[in-house]
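*Asks:* Have a look at this one.
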Amino acid sequence: MATATHELPAPESSSTTPSRNAFLLRRLHSLSGIIPLGAFLIEHFASNAAVLSRHPAHAYGAQVKFLNSLPFVLALEIAFIYIPLLFHGLYGLWIASESTPNARRMPLLGNWAYLWQRISGVIVLAFILWHTWTARFSGISVPDHPELAFAKMQAQMAHGWILAWFLIGITFVCYHFAYGLFLFAAKWGITVTARARRRWGWACLIFGVFLAYAGIASALAFRGILIYPVR
Amino acid sequence: MAEGKIVRLRIKRQSGPQAAPQWEDFNVAYRPGMNVIVALMDIAAQPRNAEGQPTTSVSYEANCLEEVCGACAMVINGRPRQACSALIDRLEQPITIEPLSRFPVVRDLVVNRQRLFNDLKRVKAWIPIDGSYDLGPGPRESAADQETAYPLSRCISCGNCLEVCPQYNDKTGFVGAAVLSQVRLFNLHPTGKLHAGERLDALSGPGGHQECGFAQNCVNICPKDIPLTDSISAVGRQLIVHAVRQALGS
């Protein structure tokens with residue numbers, strides 16, 4: 001009979017469901033930048049702000065001592081700092097390598113922000129690797145001698161070029177995090193309208209500027225330069 | 001012909017897909033209200049370059065001449081746009097004209113947009129209503145959804161958003177803003193919703209939504225003023241919800 005020729009619309013190639021890994025990996029990259037890395041950045045800057053006191057060496061040492069007294073501190077460091085940092089950093093390098101920036105041809109705010117997100121990411125990765133090595137894994141062991149933590153950082157910061165390198169690292173990490181918060185909301189579908197993005201963009205900008213101010217104030221305090229009134 | 005004003009054009013030409021591109025200058029007689037397509041038609045009518053030497057006519061694509069078909073997208077004075085709505089009076093001269101750079105050139109200003117069409121197919125950018133029997137009327141669409149859908153439905157697949165996208169290249173395989181916006185459009189439609197999961201599955205794979213870097217050039221260049229970045233966000237939300245639902249097994 002003719003029934004065989006009457007074909008229902010075939011289920012369109014749904015047999016080959018594409019791999020979701022690309023999507024999940026990128027969402028994980030995005031999330032890891034906020035939690036735990038962004039959360040740690042805030043904690044790190046809050047801890048460092050201990051130097052903004054009358055007795056910076058003591059306050060800073062007490063802060064270092066407290067953090068290293070946390071239970072499972074090494075496991076926490078590995079799980080919430082080192083692994084996310086390496087994943088976010090290396091995957092980010094790969095993302096940046098696939099980019100074809102065109103900010104000169106299309107000199108728009110969003111396009112420049114896109115380019116600087118990649119440039120800052122590379123600089124920040126280099127800075128953080130250097131900073132982790134010099135502050136945590138070489139020289140005086142800070143976890144074993146928290147009372148010497150301030151002196152160790154002070155000695156480092158005594159070099160003008162190292163201080164400058166810190167200021168660059170701090171500025172770029174704040175930019176990268178603040179704009180990352182904006183991008184997170186945009187890509188995860190939290191800010192679906194232009195109006196919502198504008199508002200959230202301002203919030204991220206103010207937050208980023210504040211964070212950079214806090215970081216720079218702490219870094220300069222190691223040189224006795226106070227841009228924040230110490231009580 | 002009376003000695004009138006002259007329109008100067010610099011066109012990036014390429015005799016075939018493998019040929020090396022080269023620039024050729026042209027002068028055409030000015031007429032009030034003319035657009036770039038008119039200038040290209042004048043060149044075709046009398047193909048002589050600015051030195052007066054005979055040359056081949058410049059190949060280009062154009063259909064509707066009213067910015068609804070998308071065919072005549074080209075890079076005019078460094079900016080991708082529709083040649084039919086590019087008025088000579090508003091362009092600085094000499095007017096440089098190049099083919100879109102993100103698609104392979106077929107000849108002169110004609111490019112092969114197959115990648116765009118393949119990506120639209122990949123995400124099923126249509127509503128399946130054809131069957132061997134009458135499927136009856138579909139569900140009603142709310143007025144609010146119509147308001148959202150109409151601007152999205154104005155996409156003409158011109159490819160301008162892809163031309164300016166820093167993520168649209170061979171390495172990422174990114175589908176681009178136009179395709180993401182079409183997914184939002186068809187997932188919004190009451191009948192199109194039935195295949196929302198398949199479209200989202202397609203967008204979760206290589207070259208999918210995750211490749212967007214949110215540089216926002218697309219929304220700035222779109223000749224139809226489509227809220228492309230809104231679409232990218234909205235589809236991002238759908239993808240998250242879809243992934244969580246699948247992970248939870250529902």
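*Asks:* Which of rounded, prolate, oblate describes the protein assembly as shown, given a ≥ b ≥ c as roots of the alpha-carbon gyration tensor eigenvalues and a/c under 1.5 marking rounded, otherwise prolate only if a/b is larger than b/c?
*Replies:* Note, shape of the protein assembly as shown comes out oblate.
*Asks:* Determine the relative contact order of chain A: mean sequence separation of Cα pairs under 8 Å and six or more apart, normalised by residue count, in whole percent.
*Replies:* That works out to 28 percent.
*Asks:* Let me ask something else about it. Charges only on Cβ, +1 for Lys and Arg, -1 for Asp and Glu: so what's the dipole of the protein assembly as shown about the Cα centre, in debye to the nearest 20?
*Replies:* 1060
*Asks:* Now for a different question. Expressed as a whole number of Å, what is the distance separating the alpha-carbon centroids of region A:102-166 and region A:196-231?
*Replies:* 16
*Asks:* Still on this model: Excluding same-chain residues fewer than 8 positions from B:Lys171, which lysines have a Cα within less than 25 Å of its Cα?
*Replies:* Hits, sequence-local ones excluded: A:Lys187, B:Lys121, B:Lys124.
*Asks:* Highest mean first, how do A:113-121, B:146-154 rank when packing is the count of other Cβ atoms within 10 Å averaged over residues?
*Replies:* Descending packing order for the listed peptides: A:113-121, B:146-154.
*Asks:* Trypsin sites (Lys or Arg not before Pro), restricted to region A:61-105: which are DSSP loop and have at most 16 other Cβ atoms within 10 Å?
*Replies:* Loop-located and lightly packed - A:Arg104, A:Arg105.
*Asks:* So for chain B, averaging the separation of alpha carbon pairs under 8 Å that are six or more residues apart and normalising by length, what relative contact order in percent results? Don't skip to the end; give the middle numbers.
*Replies:* On the way: 405 pairs, mean separation 41.2, N = 250.
The normalised contact order for chain B reaches 16 percent.
*Asks:* Does region B:58-129 come out rounded, prolate or oblate, given a ≥ b ≥ c as the square roots of the eigenvalues of its C-alpha gyration tensor, rounded meaning a/c under 1.5 and, failing that, prolate meaning a/b above b/c?
*Replies:* prolate
*Asks:* A follow-up question, please. What net charge is computed for the residues neighbouring B:Tyr150, neighbours being all others with C-beta under 14 Å from the C-beta of B:Tyr150, Lys and Arg scored +1, Asp and Glu -1?
*Replies:* -2
*Asks:* Using only helices, what value at 222 nm comes out for the protein assembly as shown when you add -39,500 (n - 2.57) per DSSP H run of length 4 or more and divide by the total residues, to the nearest 500 deg cm²/dmol?
*Replies:* That comes out to -14500 deg cm²/dmol.
*Asks:* If you average the sequence gap of Cα pairs under 8 Å that are 6 or more apart and divide by the length of region B:1-97, what percent do you get for the contact order?
*Replies:* 30
*Asks:* May I ask you to list the trypsin sites (Lys or Arg not before Pro) in region B:94-147 that are in a DSSP loop and have at most 12 other Cβ atoms within 10 Å of their Cβ?
*Replies:* Qualifying residues, ordered by number: B:Arg140.
*Asks:* Compute the angle between helix A:109-132 and the longest alpha-carbon principal axis of chain A, please, reported from 0 to 90 degrees and rounded to the nearest 10.
*Replies:* In chain A, helix A:109-132 runs at an angle near 50 degrees to the longest axis.
*Asks:* Same structure, new question: Once a ≥ b ≥ c are taken as the square roots of the eigenvalues of the Cα gyration tensor of region B:1-120, is the result rounded (a/c under 1.5), prolate (a/b larger than b/c) or oblate (a/b not larger than b/c)?
*Replies:* Oblate, because a/c is 1.5 or more while a/b does not exceed b/c.
*Asks:* Can I ask one more? Sort the following peptides by mean Cβ neighbour count (other Cβ atoms within 10 Å, averaged over residues), highest first: A:44-57, B:214-227. Before the final figure, lay out the partial values.
*Replies:* Working: A:44-57: 16.9, B:214-227: 21.5.
Per-residue mean Cβ counts within 10 Å order the peptides as B:214-227, A:44-57.
*Asks:* Let me ask something else. Quick one: angle between helix A:160-187 and the longest Cα principal axis of chain A, in degrees between 0 and 90, rounded to 10, please.
*Replies:* On a 0 to 90 degree scale, this one is about 30.
*Asks:* Now for a different question. About its Cα centre, what dipole magnitude does region B:78-174 give when the only charges are +1 on Lys and Arg Cβ and -1 on Asp and Glu Cβ, stated in debye to the nearest 20?
*Replies:* Here the size comes out at about 320 debye.
*Asks:* Between region B:160-215 and region B:39-113, how far is it from one alpha carbon centroid to the other, in angstrom?
*Replies:* Here the answer is 28 Å between Cα centres.
*Asks:* Count, for each residue of A:93-103, the Cβ atoms from other chains sitting within 10 Å of its Cβ, then give me the mean as a whole number.
*Replies:* Counting other chains' Cβ atoms within 10 Å and averaging over A:93-103 gives 4.
*Asks:* Among residues other than A:Pro146 whose Cβ falls under 14 Å from its Cβ, what is the net charge (Lys/Arg +1, Asp/Glu -1)?
*Replies:* With Lys, Arg at +1 and Asp, Glu at -1, the net is +1.
*Asks:* Among the Cys residues of the protein assembly as shown, which have no other cysteine Cβ under 4.7 angstrom away?
*Replies:* Taking the Cβ cut-off of 4.7 Å, the unpaired cysteines of the protein assembly as shown are A:Cys174, A:Cys204, B:Cys72, B:Cys84, B:Cys155, B:Cys158, B:Cys165, B:Cys212, B:Cys222.
Bear in mind that the values in this text are calculations on the coordinates, not laboratory data. Just so we're clear, the structure is a prediction, and the values are computed from it rather than from any experiment. For neighbour counting, all protein chains shown are included, and Cβ atoms are generated from backbone atoms with ideal geometry for every residue, glycine included.
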